[in-house]
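**Student:** Handing you this structure, nothing more for now.
The values are calculated or read from the model by the stated rules, or taken from the named source; none is laboratory data. Please read all numbers here as calculations on a predicted model, not as lab measurements. We place every Cβ from the backbone using ideal geometry, glycine too, and count neighbours over all the protein chains shown. SASA here: full protein model, heavy atoms, side chains in, ligands and nucleic acids out. Shrake-Rupley method; radii C 1.70, N 1.55, O 1.52, S 1.80 Å.
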Amino acid sequence: MKFRLLFLSIILSNAIFAQDKVEITGQVKDAKTKAALEFCSIVVYNPKDSLITGGVTDDKGFFTIPLDRGTYWLLISYTGYKKDTVAAFDLYEKKFIGVIKLEPDSLFLKEVTVKTSSSENLLDRDVQIVTDKMKAGTSNAKEVLEKVNGVTYDRYNNSIKVDNSSKVIILVDGMEKDQEYIKNLSPDRLKRIEVIRDPGGRYGLEGYSAVINIILKKDYQGTEIYLSDDNIEDTKVAKSSYILAQNNMNLTLNYVYNKINLYGSYGNNYNNFNLNSYIKKEYSNGLIIESYPQNNNDVNTHMNEFSNFYTFGVDYYLNPKNTISFESNLSTQPFKNNSNSQLFNVTNSYNGIAFENYNSQTTGATDNLRTTNTLYYIGKIDENNEIDANLGYSFYDNKYTSIYTDDLLFNSNQTGTDKKNSTKFYLEYTYTFKNKSNLQLGYGNTWQQQNNSFISDTVPSQFNYTDIREKLYAYYSWQMSKKFSVKFGAAGEMSSPDANGIKNTYYITEPYADIKYTPSELIDFKLKYRAEDNYPGIDETNPFTSFIDKESEKTGNPYLKPEVTNKVSMQIDFLGGLMTAEPYYYFSDNMITQTGTLINDSLFEYNYSNIGSYYRRGVMGRLTIPITKSLFLESNVDIYNNGIKYEGNINDFNFWTMSSQLIYQNEKSGTVAGLKYQKNLEKNITAEGYENNDNDFWLAFIQQPFFKQRLNIMLLYFIPTNFGVNYNQGSFIQTINYQEAKTTDISIIKNLVMFQINYRFSKGKSANKTEKKNEQENEKSKKSIL
């Protein structure tokens, strides 16, 4: 009986044990450098070649996959490396299969032209491996970003754009950091670049059109100092004091050792623009008021700005799976260095007959301070669970003055102060399932308190505004097969503004959906639907009536509702993303826009309203043509029609924007030269007109590195041509009984020359760890278990 019970217990225990899953583990490394490969794909198949499950390696190249007992074989793949397999094996208990060493695909990493097979189009992002060819001739991260599909580096504005949009945020390893610090990172530290267009979650709620996430190599240690200076000069000026049009200086320090990454930066920006401006006002009663420069010997619009920027940050890696980061930013603009003035000769006429002429002058100055402090945490509990959290506080204080005088002894004096305190908190949790799907849940909270004081000709006013926004969002993505994948979800937001004691509550729902179908490697389709919000700013909500000139004033609207815009598009990628076409349709029924009213015979008041029936329909496209190994052409274009229906009238027009560049790079010498065309001076529609922003230009540049790319010098020349460009910024508004056109001539762009120099003092290096003998012994012992 005892023997039978013992035998029965053994049988039962074996049966129970057989039902438990066992783990298969291993490590993947670069066969040449022995560096661990992070995010390497491990796919498990059974003997019938049916896909069972999969996993990815961690930051040290290790993977762990739980499986039922049985027979399996593995496929290991990583972008930029040759695929490898592990032959079929029997799995009955925990098994370590050893170190799998992938061979780099030399053709892939070295010989491919920029932006070909080194990129991958995933469901919600495009991934670009940073190859040696991409880094050739570059001195910082922003010049590497320029070589990613759809990403452009505006060398004039020092800005990064995605599909011609500047509403872009750049991250490092998933964390927000000072944008200048990121742009100035060493190219050698970049591992891959992820571009997320039309993001959901926190970045969609914050109003960004794209997110760029730079993944750094994990084996870097050392110290870097980066110093850069951009000097832009006007070669055709009325006065010698106008020659220096712009100067930007930046100093960045970075220290990395073991678990600590310390960085800090200082920068300043100087602008000295001297332009000509014009204003023409027409009334239905026959009155016309024209304001022009006083004489031809000088310009009439002067803008001087000087800003200082300070940043300090630290990343502390508690362990490979947990990171804490803190960053503090401060920017200042002192009164004495931030002024503007306009001088006009004003002519009043009635039915074509002039009856009054005088000179007017408007001068203004600003003094502001802004600081932001943010704490971040990223924690990878295991390969399936990840937490991402941040908490930030910011403060803004802006003081301004505006004085108007004219020959008719009319004058106005205005001063004001805008103060804003705000906090921002986000917590995200992501769970990755075994069947190539994941779930992301998030909560956000923002609070802001705004205090505005205003004095107009000794009459004081005060305005207080607070808003609390609660946000929840959830997204589920599923890789159903190699050809079909989906992602869907929604964000919900509740806003509770309080304007001088008057409270309101608004609820916003922002659905999100992606459906991707890839019939072949040459083409894929992605159907996208988004909804995004837009909250009014200080200028739009400030209820004070401010003086513009004798015939114009502006009043804000503190009771504006949040704007919601719906977006539907079909993104079609050809040849792995070398060519993309995306027809789209946007619409909103409560768009925030500027409106205006003629309140007496000559006084026109600008204000803001939520209006309905806004639409925009068009097609975006981007194209990359690798002409030779050293020459490529990249273009982004947006052709559209938009319109607004307001008070029974329809304001609509057609427009297009474009950015195109032809880049030559010599991999041996590092020389980079290019010709760029930018048409970004866009007509932004309003209810009764439009506003022109940004700029158009043609430019040519050449850049040469020295001393092993530590020193880089660039000369940039704006080509003096009118072909395909517009040099008139301004605005236009037309109502039933009033019409006004404001124009500022920015043709000085045709005369600009830019000289840039930067130098990187570096004592940093890669610290690839070699395998230790005892580690090898452990691997051997683990392999001999079975």
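**Student:** Tell me yes or no: at least one residue of segment 326-340 is in contact with an Asp or Glu (Cβ under 6 Å, 6 or more places away or on another chain) and of a type in the set (A, V, I, L, M).
**Tutor:** No - not one qualifying residue is present in segment 326-340.
**Student:** Continuing with the same structure: Conditions first: (1) farther than 27 Å from Ile548 by Cα; (2) open to solvent by less than 40 Å² (accessible area, probe 1.4 Å). Ser609 passes all but one, so which condition is the exception?
**Tutor:** All conditions pass for Ser609, except number (1).
**Student:** Need pairs with beta-carbon distance below 8 Å; first residue under 30 Å from Asn357 (Cβ atoms) and within segment 389-407, second in a strand (DSSP E or B) and aliphatic (A, V, I, L, M); sequence gap 6+ or separate chains.
**Tutor:** Thr401/Ala365; Asp406/Val346
Each row is one residue, and each column tells you yes or no for (1) touching a helix residue (DSSP H, G or I) at 6+ places or on another chain (Cβ under 6 Å); (2) within 17 Å of Ile685 (Cβ to Cβ); (3) modelled with pLDDT under 95.
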| position | (1), (2), (3) |
| --- | --- |
| Thr545 | no, no, yes |
| Asp549 | no, no, yes |
| Glu553 | no, no, yes |
| Glu563 | no, yes, yes |
| Phe574 | no, no, yes |
| Thr580 | no, no, yes |
| Tyr586 | no, yes, no |
| Asn600 | no, no, yes |
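**Student:** Quick check on my filter: what residues within segment 428-450 are within 19 Å of Tyr376 (Cα to Cα) and open to solvent by less than 40 Å² (accessible area, probe 1.4 Å)?
**Tutor:** Glu428, Thr430, Gly442, Gly444, Asn445, Thr446
**Student:** How about segment 31-57: which of its residues are part of a strand (DSSP E or B), open to solvent by less than 50 Å² (accessible area, probe 1.4 Å) and farther than 14 Å from Ser77 by Cβ?
**Tutor:** Scanning segment 31-57 gives Ala36, Thr53.
**Student:** Looking only at segment 545-563, which residues are open to solvent by less than 20 Å² (accessible area, probe 1.4 Å) and among the hydrophobic types (A, V, I, L, M, F, W, C)?
**Tutor:** Answer for segment 545-563, where residues must be open to solvent by less than 20 Å² (accessible area, probe 1.4 Å) and among the hydrophobic types (A, V, I, L, M, F, W, C): just Leu560.
**Student:** Would you check if there is a residue in segment 326-339 being of a type in the set (A, V, I, L, M) and either modelled with pLDDT under 95 or closer than 29 Å to Ser277 by Cβ (or both)?
**Tutor:** Scanning segment 326-339 turns up no residue that is of a type in the set (A, V, I, L, M) and either modelled with pLDDT under 95 or closer than 29 Å to Ser277 by Cβ (or both).
**Student:** Right, next: Suppose we filter segment 262-284 for residues that are open to solvent by 50 Å² or more (accessible area, probe 1.4 Å) and closer than 30 Å to Gln221 by Cβ; how many remain?
**Tutor:** 2
**Student:** Can you find a residue in segment 470-484 that is of a type in the set (D, E, K, R), open to solvent by 30 Å² or more (accessible area, probe 1.4 Å) and either under 28 Å from the mean Cα position of the chain (by Cα) or within 20 Å of Thr565 (Cβ to Cβ) (or both)?
**Tutor:** yes
Per-residue answers, yes or no, for (1) part of a strand (DSSP E or B); (2) within 30 Å of Tyr640 (Cβ to Cβ); (3) modelled with pLDDT of 95 or more:
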position: Lys683; (1), (2), (3): yes, yes, no
position: Lys708; (1), (2), (3): no, no, no
position: Gly724; (1), (2), (3): no, yes, no
position: Glu740; (1), (2), (3): yes, yes, yes
position: Asn758; (1), (2), (3): yes, no, no
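**Student:** What's the total number of residues in segment 564-594 that are open to solvent by 40 Å² or more (accessible area, probe 1.4 Å), of a type outside the set (Val, Ile, Thr) and either without any contact (Cβ under 8 Å) to a residue 24 or more places away in the chain or under 24 Å from Val637 (Cβ atoms) (or both)?
**Tutor:** So the count comes out to 7.
**Student:** Can you tell me which residues in segment 282-320 are part of a loop (DSSP other than H, G, I, E, B) and either over 30 Å from Asn338 (Cα atoms) or of a type in the set (A, V, I, L, M) (or both)?
**Tutor:** Ser284, Asn285, Gly286, Val299, Pro320
**Student:** Those residues that are of a type in the set (Lys, Arg) and farther than 28 Å from Lys526 by Cβ, I need them from segment 582-637; list them, please.
**Tutor:** Matches in segment 582-637: Lys629 only.
**Student:** Pick from segment 58-75 the residues that are open to solvent by less than 40 Å² (accessible area, probe 1.4 Å) and within 13 Å of Asp382 (Cβ to Cβ): which of them is farthest from the chain's Cα centre (by Cα)?
**Tutor:** Ile65
**Student:** Sticking with this structure for a sec: Since Ser659 meets every condition but one in (1) buried (at least 17 other Cβ atoms within 10 Å of the Cβ); (2) in a loop (DSSP other than H, G, I, E, B), which condition does it not meet?
**Tutor:** (2) is the only condition that Ser659 fails.
**Student:** Just need a number here: residues in segment 226-261 that are among the acidic types (Asp, Glu) and either open to solvent by 60 Å² or more (accessible area, probe 1.4 Å) or without any contact (Cβ under 8 Å) to a residue 60 or more places away in the chain (or both).
**Tutor:** Residues in segment 226-261 being among the acidic types (Asp, Glu) and either open to solvent by 60 Å² or more (accessible area, probe 1.4 Å) or without any contact (Cβ under 8 Å) to a residue 60 or more places away in the chain (or both): 1 in total.
**Student:** Find all pairs meeting these conditions: Cβ atoms under 7 angstrom apart; at least six residues apart or on different chains; first residue within segment 286-307 and within 18 Å of Ser552 (Cα to Cα) and crowded, with 16+ Cβ neighbours inside 10 Å; second residue modelled with pLDDT of 95 or more and hydroxyl-bearing (Ser, Thr, Tyr).
**Tutor:** Ile288/Ser349; Glu290/Thr347; Ser291/Tyr278
**Student:** Find the residue count for segment 188-197, including only residues that are open to solvent by 20 Å² or more (accessible area, probe 1.4 Å) and over 14 Å from Ile170 (Cα atoms).
**Tutor:** 2
**Student:** Counting residues that are at pLDDT below 90 and out of contact with any Gly (no Cβ under 7 Å at 6 or more places or on another chain), which strands (runs of 3 or more DSSP E) fully inside segment 145-185 reach at least 1?
**Tutor:** 151-154, 159-162
**Student:** Strands (runs of 3 or more DSSP E) wholly in segment 540-656 with at least 3 residues that are in contact with a His (Cβ under 6 Å, 6 or more places away or on another chain) and basic (Lys, Arg) - which ones?
**Tutor:** By residue number, no strands (runs of 3 or more DSSP E) qualify.
**Student:** When segment 465-516 is examined, which residues are found to be assigned to a strand (DSSP E or B), free of Cβ contacts under 8 Å to residues at least 60 places away in the same chain, of a type in the set (Gly, Ala, Ser) and touching a Ser or Thr at 6+ places or on another chain (Cβ under 9 Å)?
**Tutor:** Matches in segment 465-516: Ala490, Gly492.
**Student:** Step by step: first the residues of segment 722-766, then only those that are closer than 20 Å to Phe697 by Cα and among the aliphatic types (A, V, I, L, M), then the one that is most open to solvent (accessible area, probe 1.4 Å). Which residue is that?
**Tutor:** Val753
**Student:** Further question: Out of curiosity, is Lys177 open to solvent by 20 Å² or more (accessible area, probe 1.4 Å) and either closer than 24 Å to Gln678 by Cα or within 16 Å of the chain's Cα centre (by Cα) (or both)?
**Tutor:** No; evaluated as a whole, the condition is false for this residue.
**Student:** While we're here: Please specify each residue of segment 628-670 satisfying the condition of being among the small types (Gly, Ala, Ser) and closer than 22 Å to Gly724 by Cβ.
**Tutor:** Hits for segment 628-670 are Ser635, Ser659, Ser660.
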